[in-house]
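Visitor: Sharing a structure here in structure tokens format.
The values are calculated or read from the model by the stated rules, or taken from the named source; none is laboratory data. Computed from a predicted structure; not experimentally measured. A quick note on method: Cβ atoms are made from the backbone with ideal geometry, for glycine too, and the neighbour counts reach across all protein chains shown. The protein model used for the area step is the full one, side chains on, heavy atoms only, and it has no ligands, DNA or RNA in it. Shrake-Rupley method; radii C 1.70, N 1.55, O 1.52, S 1.80 Å.
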There are 2 protein chains.
Amino acid sequence: MNNSVRVFAPASVANVAVGFDILGFALDSPGDEITVSFSDRESGGLKITAIHGADNKLPLVVEKNTAGFAAQQLLRHLGKEDLAIDMEIHKKMPFGSGLGSSAASAAAGVMAVNALLDHPLSKEEILHFAVLGEQIADGAYHADNVAPSLLGGMILIRNNEDLDVHQLPIPDDLYAAVVHPEVEVLTKDARDVLSDKICLKQSIEQGGNLAAFILGLMKADYDLLSRSLKDVIIEPQRAKLIPQFYEVKNAAISASALGCSISGAGPSIFALCKGLETAQKVGAAMEKAFTQAQIENQLYISKINQHGAVVIE
Amino acid sequence: MNNSVRVFAPASVANVAVGFDILGFALDSPGDEITVSFSDRESGGLKITAIHGADNKLPLVVEKNTAGFAAQQLLRHLGKEDLAIDMEIHKKMPFGSGLGSSAASAAAGVMAVNALLDHPLSKEEILHFAVLGEQIADGAYHADNVAPSLLGGMILIRNNEDLDVHQLPIPDDLYAAVVHPEVEVLTKDARDVLSDKICLKQSIEQGGNLAAFILGLMKADYDLLSRSLKDVIIEPQRAKLIPQFYEVKNAAISASALGCSISGAGPSIFALCKGLETAQKVGAAMEKAFTQAQIENQLYISKINQHGAVVIE
């Protein structure tokens, strides 16, 4: 058993155009890092000793902190909540970016504690606790960012309540270009802008695209993936919250992206691409579209990350 | 080149619980048969010489007949509309059953003419003409019955307008039990009963089930198929049109069906099952539930038919 463990959990792209609340995939970077170590302090229990890179915006109180709460729930489940464990959080990705920042922290938190205790549970078994942590930040019991961040891969969540979660096949040449513009979109606004009702016709169209997207992954049929990556329900409602959305999307498509849409609740925008070279070209075009409008932004190019949360020390 | 060709095209189950307007599969039986032959009559063109088994309910006028119109459109496309061809239609399945009766006729019609001309086009290429025939009966350009009836298999229609049609993988042990009760459900009523709007929440749930159903087929994961085969949108609205629907469904589930729902617009009810023996047990239970309510019915047990329309003579 180690005395200290450091874990990395990656950012993730939820919704993936055709799978609102049910699809998400992990990126190679950015991501959060969390260190946990056994402490010899007399007061037992989990303690967050420091949070780096968050400008004091995240709570040190365990019960109010995504990573802390998730880890504590896992420790309680294991009957180990009295163990003196110190947690140090290194936020290395932007908040409110639509890249699953709180989910990465929650995933890293449970992964770190599980690793410190020498892996009593599998990743699949600790997912529930990570989702509980995410719920602190998001209010909803949702795995579309947490599951990819923890497990890696392109994840289908058949049902969030039951955590009926599945890794989908990933074609070898599938890359993501993701641009995070420095504008604020509150998750609450992103939710509020959505109508409770949709047209049956739209639902049929989206269903056809969703099913074809799954089949396209399975067959590594990039043309089918491209025809399928169209969100006729959520994107048209949320696009207005993101300045330059359609300019960026058009730039991505013109540069041969398979498809392009909003990452999670935004403002980040992702494109899926065939091959690294295309992803780089697409990413540069998206970046340029934001920069021309004087919007600061960061670009991330990545394969679909198949590992999820990993012990790095 | 033959002087005469006889073709069988099978019945089909559209919607398949989770794929309203986008999924359908073919059965081994029942189905329609169509014979076409070159004629030496002086007046050229396609002529329907007889329709058997339809109680004079189907038009002999080519342009008004599903099979006739479909075949004629194909002949026109091939520049052969002046050829003197006689068509004889053998209806061997019930109308208005929700089993794709008109689609089977349309599929058989185009398949027969294409075969008579020694297959100038592939099945994929003649699909469009069969859908045009179905449109005569149904009013809509829809391939969810025609495509499985012609091509065979479990079919995903990403998009009806473009006929972006795909055969899905089928687990070896997948069987269907389908019961047709002798009650009338008009397709118009089945359409009218559907609300134009649905809840976003239902759409998410149905999407999760649809995506998981595709994945379940791919992985031959029968448990996942079973968890996925739930229609939260269409079935609750249409169930009231079919007497004893929930009794029959409960009987199927109790007898270990993976799932059970309405076939097409009804009144037929299908169940998917693992293995022939289970399908027979499930079919018997469904049959009994109708019979106990004094509703005459026919039972069909079948693997997913992988061949679709075939030349039988």
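Visitor: Looking only at the range B:140-162, how many residues end up being assigned to a loop (DSSP other than H, G, I, E, B) and under 16 Å from the mean Cα position of the chain (by Cα)?
Guide: Residues meeting the conditions: 9.
Visitor: Scan the range A:1-29 residue by residue and report those that are more than 14 Å from chain B (Cβ to nearest Cβ), open to solvent by less than 10 Å² (accessible area, probe 1.4 Å) and either under 11 Å from the mean Cα position of the chain (by Cα) or of a type in the set (Asp, Glu) (or both).
Guide: A:Ala9, A:Pro10, A:Ala11, A:Ser12, A:Val13, A:Ala26, A:Leu27
Visitor: Next question, about the same structure. Can you find, within the range A:54-86, the residue that is surrounded by the most Cβ atoms within 10 Å (Cβ to Cβ) among those that are under 16 Å from A:Asp32 (Cβ atoms) and touching an Asp or Glu at 6+ places or on another chain (Cβ under 9 Å)?
Guide: In this case the residue turns out to be A:Ala67.
Visitor: Continuing with the same structure: In the range A:187-218, which residues are assigned to a helix (DSSP H, G or I) and exposed (fewer than 15 other Cβ atoms within 10 Å of the Cβ)?
Guide: A:Lys188, A:Asp189, A:Arg191, A:Asp192, A:Lys201
Visitor: Another question about this same structure. Do we have B:Ile34 as in a strand (DSSP E or B), more than 14 Å from chain A (Cβ to nearest Cβ) and open to solvent by less than 10 Å² (accessible area, probe 1.4 Å) here?
Guide: Yes.
Visitor: Return the only residue of B:Asp144, B:Asp221, B:Asp164 being modelled with pLDDT of 95 or more, within 11 Å of another protein chain (Cβ to nearest Cβ) and surrounded by 22 or more Cβ atoms within 10 Å (Cβ to Cβ).
Guide: B:Asp144
Visitor: Quickly run through the range A:264-303 and pick out the residues that are open to solvent by less than 30 Å² (accessible area, probe 1.4 Å), in a helix (DSSP H, G or I) and either touching a Gly at 6+ places or on another chain (Cβ under 6 Å) or not β-branched (Val, Ile, Thr) (or both).
Guide: A:Ala279, A:Gly283, A:Ala285, A:Met286, A:Ala289, A:Phe290
Visitor: Give me the residue from the range A:167-180 that is away from chain B (no Cβ under 12 Å) and in a loop (DSSP other than H, G, I, E, B) and, out of that set, most open to solvent (accessible area, probe 1.4 Å).
Guide: A:Asp172
Visitor: Here is a further query. What about A:Ala108, is it away from every other protein chain (no Cβ under 13 Å) and either outside any strand (DSSP E or B) or at pLDDT 95 or above (or both)?
Guide: yes
Visitor: Let me ask you something else. Every residue in the range A:37-51 that is open to solvent by 80 Å² or more (accessible area, probe 1.4 Å) and either at pLDDT 95 or above or touching a His at 6+ places or on another chain (Cβ under 7 Å) (or both), please.
Guide: Hit for the range A:37-51 is A:Lys47, nothing else.
Visitor: Could you list, ordered by first residue, the pairs with Cβ atoms under 6 Å in which the first is in the range B:181-205 and within 13 Å of chain A (Cβ to nearest Cβ) and the second is open to solvent by 90 Å² or more (accessible area, probe 1.4 Å), at least 6 apart or interchain?
Guide: Note: pairs meeting the criteria are B:Lys197/A:Lys197; B:Leu200/A:Asp196.
Visitor: Which condition does B:Asn209 not pass, out of (1) at pLDDT below 95; (2) at the interface with chain A (Cβ under 7 Å from one of its Cβ atoms), if it passes all the others?
Guide: Of everything listed in (1) at pLDDT below 95; (2) at the interface with chain A (Cβ under 7 Å from one of its Cβ atoms), B:Asn209 misses just condition (1).
Visitor: Checking A:Ala251 against (1) within 11 Å of chain B (Cβ to nearest Cβ); (2) farther than 28 Å from B:Lys201 by Cα; (3) of a type in the set (A, V, I, L, M), which test does it fail?
Guide: (1)
Visitor: Being part of a helix (DSSP H, G or I), of a type in the set (D, E, K, R) and over 22 Å from the mean Cα position of the chain (by Cα) is the filter here, so list the residues in the range B:219-239 that pass it.
Guide: Hits for the range B:219-239 are B:Lys219, B:Asp223, B:Arg227.
Visitor: Those residues that are touching a helix residue (DSSP H, G or I) at 6+ places or on another chain (Cβ under 9 Å) and not hydrophobic (A, V, I, L, M, F, W, C), I need them from the range A:16-45; list them, please.
Guide: Within the range A:16-45, A:Gly19, A:Asp21, A:Gly24, A:Pro30, A:Gly31, A:Asp32, A:Glu33, A:Thr35, A:Ser37, A:Gly45 qualify.
Visitor: Let me ask another. Looking at A:Leu156, is it under 22 Å from A:Ser29 (Cα atoms), within 7 Å of chain B (Cβ to nearest Cβ) and at pLDDT 95 or above?
Guide: Criteria met by A:Leu156.
Visitor: Considering (1) open to solvent by less than 30 Å² (accessible area, probe 1.4 Å); (2) at pLDDT below 95; (3) more than 12 Å from the chain's Cα centre (by Cα), say which one B:Met93 fails and leave the rest.
Guide: With respect to (1) open to solvent by less than 30 Å² (accessible area, probe 1.4 Å); (2) at pLDDT below 95; (3) more than 12 Å from the chain's Cα centre (by Cα), B:Met93 is out only on (3).
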